[in-house]
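Below you'll find the structure, written out as structure tokens, and then a few comments.
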Amino acid sequence: IKKQQQDVLGFLEANKIEFEEKDIAANEENRKWMRENVPEDSRPASGNPLPPRLFNDSRYLGDYEAFFEARENNAVYAFLGLTAPPGSKVGVHVSHSEL
């Protein structure tokens, strides 16, 4: 979990994307907020959702796997619900084949 959190935070910092970190280990209010805002279909079959979980305000975006997939496809800004800055790779992934 710690490695995944560091991966997400490192990416956001490197790309100068503003974020607010909510520590659920030390703050019961943050833990409760996360549990309430992760949609039912994104919760584990048993137990509570584990971090990291990403939100844009209170809109749930996804877990680490969803973030990782978006990053691999150069679609992180779209995943985060943000407009990509000028000159950056936009959130479009095009596959093609040379015939």
Taking the range 51-71 and keeping only residues that are surrounded by 14 or more Cβ atoms within 10 Å (Cβ to Cβ), without any contact (Cβ under 8 Å) to a residue 60 or more places away in the chain and closer than 21 Å to Asn27 by Cβ, one is left with Pro51, Pro52, Arg53, Leu54, Phe55, Tyr60, Leu61, Asp63
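A quick yes/no check of all residues on (1) surrounded by 14 or more Cβ atoms within 10 Å (Cβ to Cβ); (2) more than 23 Å from Ile17 (Cβ to Cβ); (3) basic (Lys, Arg):
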| site | (1), (2), (3) |
| --- | --- |
| Glu28 | no, yes, no |
| Met34 | yes, no, no |
| Asp41 | no, yes, no |
| Leu80 | yes, no, no |
| Thr83 | no, no, no |
Within the range 1-15, residues being surrounded by fewer than 10 Cβ atoms within 10 Å (Cβ to Cβ) and within 15 Å of Arg71 (Cα to Cα) number 1
Determine, yes or no, whether Glu21 is modelled with pLDDT of 95 or more and loosely packed, with under 14 Cβ neighbours inside 10 Å. no
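The values are calculated or read from the model by the stated rules, or taken from the named source; none is laboratory data. Computed from a predicted model, the values in this text were never measured in an experiment. Note that we place each Cβ from the backbone using ideal geometry, even for glycine, and neighbour counts take in every protein chain shown.
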